[in-house]
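Values quoted throughout were computed directly from the atomic coordinates according to the rules given, and no laboratory measurement underlies them. If you're wondering where the values come from, they're calculated on a predicted model, not measured in any experiment. Glycine also receives a Cβ, built like all others from the backbone with ideal geometry; neighbour counts cover every protein chain displayed.
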Amino acid sequence: MTDYFAGDLRTNRERMLAGDFYISDDPESARESQRAVALQTKYTAAYAEDPDAARPILDELLGSLGHEAHIKPPIYVDYGTYITVGARTFINYNLTALDVAPITIGEDCQIGPNVQLLTPTHPVEPQPRRDRLEAAEPITIGDNVWLGGGAIVLPGVTIGSNSVIGAGAVVTKDIPANSLAVGNPARVIREI
């Protein structure tokens, strides 16, 4: 068994932000996560009354939200502050974006319902602690990318611009620009 904390005096939050293994028990991270839950809930309620009036809540939740970007609720995030959404991007219902590491979504993207963008990783060997041991790798989605409904993008993946990811695909590796990828695991079936 590997002790990922031997000689490491950093807080779990410092380890998380560095992309190293950490245990999600840091009080500051817990406060940031609770902030996100409150804003997500507030956004969903406000959107039901007036989508335009709800936009400032989304601006407060996310790290950056581009001009004319639109996200239909509900949206589920760990923190929100590590998510960047480009201009004119449309995200359909029920996005889950676990932003333990940065998630960057380019401009003019179309993201279907029930898409999951998952940055956390876990060791595959037994651990000396019973706590949840995690690390994270960023996700980058280029401009003009389409993600079909139910697609899952795993940690560390980059999807090149002008690509289409089929509904239900599980993207485990980088997808080059101008590609159509489908399946589980997703594989490129042709250039676009």
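Let me have the relative contact order for the chain, percent, based on Cα pairs under 8 Å that are six or more residues apart.
Answer for the chain is 14 percent.
Between segment 138-164 and segment 14-40, what is the C-alpha centre distance in whole Å?
24
How much length is gained if the chain between Thr41 and Thr96 is pulled fully straight, taking 0.36 nm per residue apart and subtracting their Cα-Cα distance, in nm to one decimal?
Details: separation 55, 0.36 × 55 = 19.80 nm, distance 1.38 nm.
Full extension of this stretch gives 18.4 nm more.
Run lengths n ≥ 4 of DSSP H only: what is the helix-derived mean residue ellipticity at 222 nm for the chain, with -39500 (n - 2.57) per run over all residues, to the nearest 500? Walk me through the numbers on the way to the answer.
Details: 3 runs with 41 residues, N = 192.
Result for the chain: -7000 deg cm²/dmol, rounded to the nearest 500.
In µm²/s, what is D for the chain at 25 °C and 0.890 mPa s, where D = kT/(6 pi eta Rh) by Stokes-Einstein and Rh is the Kirkwood radius from Cα pairs? Could you put the intermediate results ahead of the total?
On the way: Rh = 17.2 Å.
Stokes-Einstein gives a translational diffusion coefficient of 142 µm²/s.
How do His70, His122 rank when sorted from fewest to most other Cβ atoms within 10 Å of their own Cβ? Could you put the intermediate results ahead of the total?
Numbers: His70 14, His122 11.
Fewest to most other Cβ atoms nearby, the residues stand as His122, His70.
In what order do Ser179, Ser33 fall by count of nearby beta-carbon atoms within 10 Å, going from fewest to most?
On the way: Ser179 22, Ser33 16.
If I rank by nearby Cβ atoms, fewest first, I get Ser33, Ser179.
When the chain is fully extended, how far beyond the present Cα-Cα distance does Ala30 get from Asn178, taking 0.36 nm per residue of separation?
Length gained, Ala30 through Asn178: 49.3 nm.
Compute, for the chain, the length of the dipole vector about the Cα centre, with Cβ point charges of +1 (Lys, Arg) and -1 (Asp, Glu) only. Units Debye, rounded to 20.
I would put it at about 420 debye.
Dipole size in debye (nearest 20) for segment 1-114 around its Cα centre, Lys and Arg Cβ +1, Asp and Glu Cβ -1?
Charge dipole of segment 1-114: 160 debye, to the nearest 20.
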